[in-house]
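J.: Mind having a look at this structure? Questions to follow.
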Amino acid sequence: MIATFESLGPGDTIDGPKFAVSRESIRLFCDASLDYNPLHLDDDYMKGNFGKTNFGGVIMHGAIHRRLETRWLKPVRPGDTIQPTGIVKSKQATVNSRWVLIDVVVRNQNDEKIATGEAMVEFPQD
């Protein structure tokens, strides 16, 4: 089912696709975003501590979107499988567009919550 502005209502759940994280997918995102931070590429660099945190290896990027705010609770590593889920909070129509506000939760293959956030999705007027 394709979600349309008309079909969505507060409380509706939208399950995103599962995504298998690999070193290749992380590298492709580095290329696409021009973010070559060693957090995402260099195992030796990641052997160190960052404040009170030691990630134990390279980790995936957070997302870059026009209107997505996330708080990453746990690192995502190559070999993990992640799946986002959204819960519709509200809808609003303006003169030029239609907007849906969504609470976002991302879980890994162990059903651990690894990120939370909020997204605003635009459905342009036809």
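The values are calculated or read from the model by the stated rules, or taken from the named source; none is laboratory data. Here the structure is a predicted model, which means the values were calculated and not measured. Note that each Cβ is placed from the backbone with ideal geometry, even for glycine, and that neighbours are counted across all protein chains shown. These accessible areas exclude ligands, DNA and RNA; they are computed on the full protein's heavy atoms, side chains included. Shrake-Rupley method; radii C 1.70, N 1.55, O 1.52, S 1.80 Å.
J.: Looking for something surrounded by 14 or more Cβ atoms within 10 Å (Cβ to Cβ), under 18 Å from Asp80 (Cα atoms) and at pLDDT below 90 - is there at least one such residue anywhere in region 3-17?
T.: The answer is no; no qualifying residue exists.
For every residue, the table says whether it meets (1) more than 14 Å from the chain's Cα centre (by Cα); (2) of a type in the set (Lys, Arg).
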position: Gly56; (1), (2): yes, no
position: Arg67; (1), (2): no, yes
position: Leu73; (1), (2): no, no
position: Ile82; (1), (2): no, no
position: Lys91; (1), (2): yes, yes
position: Val95; (1), (2): yes, no
position: Trp99; (1), (2): yes, no
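J.: Still on this structure, I have one more. Considering region 36-59 alone, what residues qualify as being open to solvent by less than 40 Å² (accessible area, probe 1.4 Å) and in a loop (DSSP other than H, G, I, E, B)?
T.: Of everything in region 36-59, those that are open to solvent by less than 40 Å² (accessible area, probe 1.4 Å) and in a loop (DSSP other than H, G, I, E, B) turn out to be Gly48, Gly57, Val58, Ile59.
J.: Quick check on my filter: what residues within region 94-120 are of a type outside the set (D, E, K, R), open to solvent by 50 Å² or more (accessible area, probe 1.4 Å) and free of Cβ contacts under 8 Å to residues at least 24 places away in the same chain?
T.: Of everything in region 94-120, those that are of a type outside the set (D, E, K, R), open to solvent by 50 Å² or more (accessible area, probe 1.4 Å) and free of Cβ contacts under 8 Å to residues at least 24 places away in the same chain turn out to be Thr94, Val95, Asn110.
J.: So is Lys91 without any contact (Cβ under 8 Å) to a residue 40 or more places away in the chain, among the basic types (Lys, Arg) and open to solvent by 60 Å² or more (accessible area, probe 1.4 Å) or not?
T.: no
J.: Please list, ordered by first then second residue, the pairs with beta carbon atoms under 8 Å, 6 or more apart or interchain, first in region 16-33 and in contact (Cβ under 8 Å) with a residue 24 or more places away in the chain, second of a type in the set (Val, Ile, Thr) and surrounded by fewer than 12 Cβ atoms within 10 Å (Cβ to Cβ).
T.: Ser33/Ile64
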